[in-house]
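As structure tokens, the structure follows; a few thoughts come after it.
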Amino acid sequence: MPKPTKITCVVVPSRISRKAHKFALEKFVNELLPVIDSLDRALEVADKANPELAPMVEGIELTLKSMLDVVRKFGVEVIADTNVPLDPNVHQAIAMVESEDVAAGNVLSVMQKGYTLNGRTIRAAMVTVAKAK
């Protein structure tokens, strides 16, 4: 059996370290996703027409923007585009709805945003898909 060289001893721990870092980052991001979802939902239901709530809405928007900016620095991207072809690698089709405005097979609406981490899907976007009338 060959003896390990210095190169082998350096490369293996480095590879193990990268994998451990990647796993820890993915676990951390998965824990943050429900918080991001809650901020998104708060903005969806907020009465933006009410001037008394404007400071609260602005605070939620700034918090969400800050959080998304931070996770983007670590390789997280949001999957939320509509009118794009359904991609089973990043989308989970929940329903099909007839549409004249969106081509059949394209994403009509996003029910829950998805996320990728360094190009790998960590949560598929839950979407409705257009079908022909």
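The values are calculated or read from the model by the stated rules, or taken from the named source; none is laboratory data. All of these numbers come straight from a predicted model, not from anything done at the bench. Neighbour counts run over all protein chains shown; Cβ positions are idealised from the backbone, glycine included.
Going by the conditions given, is Val71 under 30 Å from Ala24 (Cα atoms), in a helix (DSSP H, G or I) and at pLDDT 95 or above? Yes, satisfied.
Can you name the residue in the range 63-80 that is among the β-branched types (Val, Ile, Thr) and out of contact with any helix residue (DSSP H, G or I) (no Cβ under 8 Å at 6 or more places or on another chain) and is also surrounded by the fewest Cβ atoms within 10 Å (Cβ to Cβ) among such residues? Of everything passing the filter in the range 63-80, Val70 is surrounded by the fewest Cβ atoms within 10 Å (Cβ to Cβ). Restricting to the range 43-68, name every residue that is among the small types (Gly, Ala, Ser) and either farther than 30 Å from Asn30 by Cβ or modelled with pLDDT of 95 or more (or both). Ala49, Ala54, Gly59, Ser66, listed by residue number. In this structure, is Lys73 basic (Lys, Arg), under 18 Å from the mean Cα position of the chain (by Cα) and within 16 Å of Asp37 (Cα to Cα)? No; evaluated as a whole, the condition is false for this residue.
In this structure, Val12 does not satisfy being outside any loop (DSSP other than H, G, I, E, B), at pLDDT 95 or above and either assigned by TED's automatic domain parsing to the domain that holds Gly114 or not aromatic (Phe, Trp, Tyr) (or both). Residues in the range 97-133 that are touching an Asp or Glu at 6+ places or on another chain (Cβ under 9 Å), without any contact (Cβ under 8 Å) to a residue 60 or more places away in the chain and in a strand (DSSP E or B): Val107, Leu108, Val110, Thr116, Arg120, Ala125, Ala130, Lys131.
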